[in-house]
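Okay, so here's the structure we're looking at.
The numbers here are math on the coordinates, done by the rules we state, and not lab data. If you're wondering where the values come from, they're calculated on a predicted model, not measured in any experiment. Cβ sites come from the backbone with ideal geometry, for glycine too, and all protein chains shown count toward neighbours.
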Amino acid sequence: MTDRLSSWQMVEVNKPLELIEVPLPKPGPAEVLLEVTACGLCHTDVSFLYGGVRPRAPLPLTLGHEILGRVLEANGDPDLVGKTVIVPAVVPCGACDLCAAGRGNICLKQLMPGNDFHGGFASHVVAPARFLVPVPASLVGRRDLAVVSDAVATAYQSVVRSKLDEGQMLVVVGAGGVGTFAIQVAKLLGAHVAAIDISSSRLEGVAKWVDLALDASTLGPRDIKGAVIAYEREHSLAAHGRKILECSGSPEGQQTAYSLLTFDATLVVVGFTREKVLVRLSNLMAFDARAIGNWGCLPEHFPGLVDLIADGQLELEPFVEEHPMSRLNDLLLTESARRPVLIPDF
């Protein structure tokens, strides 16, 4: 085993990441040392470096929170050594009142790789041992599993928190990194799924899971709302209770999502933007609707998600593309149709 750790670190805002090398650290109490197999690149990483969002840990900081790796050392749990594991993007403490109440994803002591501690754009990472997700033997070698940490898990919890039932309508605004997986989860639950995006290629990529595809580059908000209502009427769906997921992280997408509120509707905001959006909040009152946010995913959802992937019910490969980690700085400035997964090549 090497005695050095290489990583791409954020040293300064709005500057390219820098390649550094340090002695290989030792895991502390209840921590593990992982050899990074793959790490997903998320819009949050771009926001930290170029979007004005401040990470909680001081700089320099290694970004990357969608981590897949092999355990080399485990302080206090030797059974973990040698296992391939997924590191949840949000690691709660598991012991506070919020965790006990089932709200561990907003635990005030939570830790996020690449935000609270050095992340996965590296050869190795030291991470909390709690809530690691072992990868079954049938999936070992699947480097696309890195995106389960955030893109897949966040999508899953967003659908769960919308309280989507079989036969209901779910409208997903933004068929990108998170939206593609939310669409699949909704279809597995037996929902009617509408997808809205400004990219026809993204809509084509999710076509087999979508009942209604709407290209927002050619349709205005009123046309989109009319098309959703027409579909619901054609299929005798209730005029109330619609579920809406905003995954685009754009002001236009958020306004479109809000415009789709109806009686007893639920809007879940998943995408992030620093831009302000002008909406009429009174619509929530008039429709007796609700709007909620979703941050991360509870650890207890991960084993079931891995099972869905192992059973072939949830597809990752069509929405993921692998790149050598040495291309990281270029990829941070590039829009990609698929979720980039970085493979260490130090």
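Figures for the structure shown
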quantity	calculated
Restricting segment 1-69 to GluC sites (Glu not before Pro) in coil, as DSSP defines it, with at most 13 other Cβ within 10 Å	E12
Net +/- balance of residues flanking L5 in space, Cβ distance below 15 Å, scoring K and R +1, D and E -1	-4
Rounded to 10°, Cα long-axis angle of helix 151-161 versus longest principal axis of the chain	50
Max mean-square fluctuation residue, GNM over the chain, Cα-Cα springs under 10 Å, options L68, L316, L188	L188
Flagged links, alpha-carbon separation over 25 Å, of K163/K208; K26/K109; K208/K243; K15/K83; K26/K83	K15/K83
Nearest-ten-degree value, helix 179-188 long axis tilted from longest Cα axis of the chain	70
Highest average packing first - 294-304, 126-136, 229-239, Cβ atoms within 10 Å	126-136, 294-304, 229-239
Positive-pole candidate from G296, F346, M325, dipole of segment 263-346, charges at beta carbon	G296
